[in-house]
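Q: Take this structure, written in structure tokens, and hold onto it; I'll ask about it next.
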Amino acid sequence: MNYSKIKKYDISNGCGIRTSVFFTGCNFHCPECFNPELWDKNSGKPFDETAKNALFEYLADEHCNGLSVLGGEPLIQGEELVILLKEVREKFPKKDIWLWTGYEITKLEEGSIQRQIIEQCDYVTDGLFKKDLAGKKLRFRGSSNQIIWRNVNGTFVEANDIENNERFNK
């Protein structure tokens, strides 16, 4: 599992001040992608103990609201990402986890590694980026076809209210 960068403070990808990790590798290659330099799974650096320690140090900051997981494509990171997210959940139970993926979560097979990854997340924005549906006023998604899902006790429901919710517009 490789990553490009870890941003200690990020206010663009999820609610509040967050720590974001950008994993490398993507099988979608959306036209006008936000991060085409992350398509190559072999680019970046190995997500090793040093990277994990830095991530956990950033997440321990009292001003950090949670973790944002982006790419590339996080859902191709495999079991290593499942393990990492479980560790984050265990060490930082009050921090939420957001993830962005080109996969549509309604089409993920039960029990699959991809499903195991998203089950660790509080919010998932899914769907391919589509330039013709892009909008600058969209919160936490690049194009209007993408759906923000909220994990409610293990069931994902559309978070239709998220863009107008006072909590997310601070």
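Q: Kindly check whether there is at least one residue in the range 48-60 that is assigned to a helix (DSSP H, G or I), among the basic types (K, R) and open to solvent by 10 Å² or more (accessible area, probe 1.4 Å). Spell out how you get there, then give the answer.
A: Pass one, the range 48-60, residues assigned to a helix (DSSP H, G or I): 49-59.
Next, only the ones that are among the basic types (K, R) stay: 52.
Subset that is open to solvent by 10 Å² or more (accessible area, probe 1.4 Å): 52.
Looking through the range 48-60, at least one residue is assigned to a helix (DSSP H, G or I), among the basic types (K, R) and open to solvent by 10 Å² or more (accessible area, probe 1.4 Å).
Q: So, of the residues in the range 1-18 that are touching a residue at least 12 places away in the same chain (Cβ under 8 Å) and part of a loop (DSSP other than H, G, I, E, B), which turns out to be farthest from Y58 (Cα to Cα)?
A: This residue is M1.
Q: Using beta carbons and a limit of 6 Å, which pairs, at least six apart or on different chains, have the first residue in the range 32-45 and over 13 Å from T101 (Cβ atoms) and the second one of a type in the set (D, E, K, R) and open to solvent by 40 Å² or more (accessible area, probe 1.4 Å)?
A: Note: pairs meeting the criteria are E32/K131.
Q: Here's a follow-up. Identify, by number, the condition in (1) under 17 Å from S12 (Cα atoms); (2) in contact with a helix residue (DSSP H, G or I) (Cβ under 6 Å, 6 or more places away or on another chain); (3) in contact (Cβ under 8 Å) with a residue 24 or more places away in the chain that G142 doesn't meet.
A: (2)
Q: Test E119 against the stated conditions and say whether it is free of Cβ contacts under 8 Å to residues at least 60 places away in the same chain, closer than 24 Å to F34 by Cβ, open to solvent by 30 Å² or more (accessible area, probe 1.4 Å) and touching a strand residue (DSSP E or B) at 6+ places or on another chain (Cβ under 8 Å). Please lay out each step first, then the result.
A: On the way: free of Cβ contacts under 8 Å to residues at least 60 places away in the same chain: yes; closer than 24 Å to F34 by Cβ: no; open to solvent by 30 Å² or more (accessible area, probe 1.4 Å): yes; touching a strand residue (DSSP E or B) at 6+ places or on another chain (Cβ under 8 Å): yes.
When the stated conditions are applied, E119 does not pass them.
The values are calculated or read from the model by the stated rules, or taken from the named source; none is laboratory data. Source: prediction; values computed, not measured. Neighbour counts are summed over all protein chains in view; Cβ atoms, including those assigned to glycine, are modelled from backbone coordinates with ideal geometry. Just the protein is used for accessible areas: all its heavy atoms, side chains included, with ligands, DNA and RNA removed. Shrake-Rupley method; radii C 1.70, N 1.55, O 1.52, S 1.80 Å.
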